[in-house]
1. Share of region B:23-107's accessible area from carbon and sulfur, percent, 1.4 Å?
2. With a cut-off of 8 Å between alpha carbons and a minimum separation of six or more residues, what is the relative contact order of region A:15-110 in percent?
3. Using DSSP loop states and a limit of at most 12 other Cβ atoms within 10 Å to flag chymotrypsin sites (Phe, Trp or Tyr not before Pro), what is the longest stretch of chain A containing no flagged site?
4. Quick check: pseudo-label points 7 Å beyond the Cα along Cα→Cβ at B:D38 and B:K70, how many nm apart are they?
5. Select from B:S84, B:S61, B:S94 the residue whose mean-square fluctuation is largest in a Gaussian network model of chain B (Cα-Cα springs shorter than 10 Å).
6. Run the paramagnetic zone check for B:Y50: 7 angstrom along Cα to Cβ, then residues of region A:23-44 with backbone nitrogen under 19 Å.
7. Over chain A, what number does the Rg to Rh ratio reach, with both radii from the alpha-carbon atoms and Rh per Kirkwood?
8. Using only the alpha-carbon atoms of region B:1-85 as identical scatterers, what base-10 log of I(q)/I(0) does the Debye formula give at q = 0.16, 0.24, 0.25 Å⁻¹?
Amino acid sequence: KNEVEQSPQNLTAQEGEFITINCSYSVGISALHWLQQHPGGGIVSLFMLSSGKKKHGRLIATINIQEKHSSLHITASHPRDSAVYICAVVGAYNTDKLIFGTGTRLQVFP
Amino acid sequence: DAGITQSPRHKVTETGTPVTLRCHQTENHRYMYWYRQDPGHGLRLIHYSYGVKDTDKGEVSDGYSVSRSKTEDFLLTLESATSSQTSVYFCAISESQGRFGTEAFFGQGTRLTVV
């Protein structure tokens, strides 16, 4: 079993819909990252969280440390949001490395 | 955007040939990492560096070596490329004092095909 699990693996939506992507992890962490990867493109850091909630534009990330769960929400989704969203955690005792989920592929149709 | 440049961006090479990928940063960050990305797997760490001439192995280091002779450059070498090393390779950097407890920055990726 992977230490970081994302759901769903694939997600399709109509433009304007509210999107939720989930990340569960089984290890103690010091931080959690949400990353975005467009087709054929590089990886961009969206958020780094250690508690609570962060918002940037239409993107909201939340984390519940007790439940070992994080969510990434996209409000008013747009076709340009189509990408792979990756959750990655930093271990509580080894902050040198990230442990990655396998990603959620999102397609938003007009 | 953080200043990370990977080169080449695309490469096709033959089995058995040596290949070197370069990661160059302009951020003066201490930590640099090489990952590979394959379908069905999360990014997997190959090697990382915590300073000039200081490197360590990741979870999939077999068949790869690295070197870091300058803060800004981290080289990944496939000594004798195999088809199983066909992948997309990403370089990442993290801030000098905070490791991955702070923001991470990734390069654009290098698509390597071994035929």
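The values are calculated or read from the model by the stated rules, or taken from the named source; none is laboratory data. Model, not experiment: these values are computed from the prediction. FYI the Cβ positions are ideal-geometry reconstructions off the backbone, even for glycines, and counts take in every protein chain you see. Heavy atoms of the whole protein, side chains included, go into the accessibility calculation; ligands, DNA and RNA do not. Shrake-Rupley method; radii C 1.70, N 1.55, O 1.52, S 1.80 Å.
1. Working: 1530 of 3550 Å².
Exposed carbon and sulfur together represent 43 percent of the surface.
2. Working: 214 pairs, mean separation 33.0, N = 96.
Taking the mean separation of contacting Cα pairs over the length of region A:15-110, I get 34 percent.
3. Details: sites that count: A:F18, A:Y93.
With chymotrypsin sites (Phe, Trp or Tyr not before Pro) excluded where exposed in loops, chain A gives A:19-92 as its longest stretch.
4. Distance between label points: 3.3 nm.
5. Highest fluctuation among the options: B:S84.
6. Residues A:29-31 fall inside that zone.
7. Values: Rg = 13.4 Å, Rh = 13.9 Å.
Result for chain A is an Rg/Rh of 0.96.
8. Relative scattering, expressed as log10 I(q)/I(0), comes to -0.63, -1.31, -1.37.
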